[in-house]
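Q: Before we start, here is the structure in question, set down as structure tokens.
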């Protein structure tokens with residue numbers, strides 16, 4: 001009978017302990033792909049949307065990349081269009097997808113990558129707007145199709161500035177020689193321009209001090225489901241911050257709105273159409289005089 005020395009017994013047990021410990025460690029450190037879900041897109045326009053996801057677990061290894069994939073066909077992946085989010089931490093994230101086609105259905109999935117591979121969240125879909133002019137409040141889009149510049153004369157002398165109110169309205173708002181009518185949506189701004197007859201191109205910033213300087217606006221209002229005949233109804237919110245960018249090609253204005261309301265929420269919008277200049281505002285638009 002072969003006798004095993006005490007020294008060898010100690011060695012065998014030590015080796016066994018190492019193997020067991022190593023095996024347990026490997027089980028405990030097994031790396032999985034990330035766990036995540038896709039968030040429902042918001043702020044959908046004719047050419048953009050905000051999409052994102054929620055990464056709830058990294059699979060045991062750090063996230064090396066995350067973002068959203070999107071396309072016109074189901075099951076988009078990283079072989080197609082995608083956007084990368086800069087922060088690789090756990091939790092929710094969102095980002096703006098731009099350059100989309102108007103009136104088109106898109107499919108989107110969030111993705112996250114670690115050393116084990118890439119995992120995709122559930123698929124969601126959305127359809128871009130068939131509108132060229134609109135504003136967005138709380139994720140809902142409201143159509144705009146007509147606009148006016150109302151002249152209320154000179155305010156500052158040196159340098160000279162002029163009050164030209166900008167009024168943008170939805171299709172169901174009507175104007176005539178009589179009182180305006182309709183229940184719809186309006187964006188209005190008390191703008192100040194260095195021109196007496198037009199809004200000088202550029203970015204107009206909200207001026208809480210009401211200095212009436214050029215390229216500022218001192219007041220603004222957002223009306224949703226507003227009754228012009230009664231001057232009431234719906235939601236009425238004052239604009240208390242932000243910018244209105246005016247561009248123009250021929251007789252077509254391009255107006256980009258990015259403003260903050262008195263309730264702390266945002267209103268963003270885009271208008272591409274002509275504007276009717278009114279040198280002497282009368283009854284037809286007096287219900288929309290905003291200052």
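The values are calculated or read from the model by the stated rules, or taken from the named source; none is laboratory data. Worth saying up front: this structure is predicted, and the values here are computed from it rather than measured. In this analysis, Cβ positions are derived from the backbone assuming ideal geometry, glycine residues included, and neighbour counts consider all displayed protein chains.
Q: Could you check how many residues of the range 166-183 are at pLDDT 90 or above and surrounded by 23 or more Cβ atoms within 10 Å (Cβ to Cβ)?
A: 5
Q: Given the criteria at pLDDT 95 or above, assigned to a strand (DSSP E or B), within 16 Å of the chain's Cα centre (by Cα) and closer than 19 Å to residue 42 by Cα, does residue 68 qualify? Give the derivation first.
A: Details: at pLDDT 95 or above: yes; assigned to a strand (DSSP E or B): yes; within 16 Å of the chain's Cα centre (by Cα): yes; closer than 19 Å to residue 42 by Cα: yes.
Judged against the criteria, residue 68 is a match.
Q: In this structure, does residue 44 turn out to be surrounded by fewer than 20 Cβ atoms within 10 Å (Cβ to Cβ) and either assigned to a loop (DSSP other than H, G, I, E, B) or at pLDDT below 95 (or both)? Lay out the reasoning, then the answer.
A: Numbers: surrounded by fewer than 20 Cβ atoms within 10 Å (Cβ to Cβ): no; either assigned to a loop (DSSP other than H, G, I, E, B) or at pLDDT below 95 (or both): yes.
So residue 44 does not fit the description; no.
Q: Looking for whichever is surrounded by fewer than 21 Cβ atoms within 10 Å (Cβ to Cβ) and more than 28 Å from the chain's Cα centre (by Cα) here; the options are 163, 215, 263, 227. Which one fits?
A: Numbers: 215 fails: more than 28 Å from the chain's Cα centre (by Cα); 263 fails: more than 28 Å from the chain's Cα centre (by Cα); 227 fails: more than 28 Å from the chain's Cα centre (by Cα).
Answer to the check: 163.
Q: Those residues that are closer than 13 Å to residue 35 by Cα and either outside the structural domain of residue 55 (by TED's automatic domain parsing) or not in a loop (DSSP other than H, G, I, E, B) (or both), I need them from the range 87-98; list them, please.
A: Those that are closer than 13 Å to residue 35 by Cα and either outside the structural domain of residue 55 (by TED's automatic domain parsing) or not in a loop (DSSP other than H, G, I, E, B) (or both): 91, 92.
Q: If I filter the range 99-117 for residues that are under 14 Å from the mean Cα position of the chain (by Cα) and in a strand (DSSP E or B), do I get at least one hit?
A: no
Q: Against the conditions (1) without any contact (Cβ under 8 Å) to a residue 60 or more places away in the chain; (2) surrounded by 13 or more Cβ atoms within 10 Å (Cβ to Cβ); (3) over 25 Å from residue 269 (Cβ atoms), where does residue 73 fall short? Just the number, please.
A: (2)
Q: Still on this model: Hey, can you tell me all the residues within the range 10-41 that are at pLDDT 60 or above and either loosely packed, with under 10 Cβ neighbours inside 10 Å or farther than 30 Å from residue 71 by Cβ (or both)?
A: Within the range 10-41, 29, 30 qualify.
Q: Need the failing condition index for residue 84 against (1) in contact with a strand residue (DSSP E or B) (Cβ under 6 Å, 6 or more places away or on another chain); (2) assigned to a loop (DSSP other than H, G, I, E, B), just the number.
A: Result: residue 84 passes all but (2).
Q: Please tell me if residue 74 is part of a loop (DSSP other than H, G, I, E, B) and in the same structural domain as residue 255 (by TED's automatic domain parsing).
A: Numbers: part of a loop (DSSP other than H, G, I, E, B): yes; in the same structural domain as residue 255 (by TED's automatic domain parsing): no.
For residue 74, the condition - part of a loop (DSSP other than H, G, I, E, B) and in the same structural domain as residue 255 (by TED's automatic domain parsing) - is not met.
Q: Same structure again: Pick from the range 197-211 the residues that are part of a loop (DSSP other than H, G, I, E, B) and loosely packed, with under 14 Cβ neighbours inside 10 Å: which of them is modelled with the lowest pLDDT? Show your work before the answer.
A: Restricting attention to the range 197-211, the residues satisfying the condition of being part of a loop (DSSP other than H, G, I, E, B) are 197-201, 207-211.
Okay, now just the ones that are also loosely packed, with under 14 Cβ neighbours inside 10 Å, so 197, 208-209, 211.
Numbers: 197: 91, 208: 94, 209: 95, 211: 95.
That would be 197.
Q: Here's something else I'd like to know. Being on the phi > 0 side of the Ramachandran plot, in the same structural domain as residue 221 (by TED's automatic domain parsing) and at pLDDT below 95 narrows it down to one residue among 269, 264, 250, 242; which is it? Before the answer, list the steps.
A: On the way: 269 fails: on the phi > 0 side of the Ramachandran plot; 264 fails: at pLDDT below 95; 242 fails: at pLDDT below 95.
After applying the criteria, what remains is 250.
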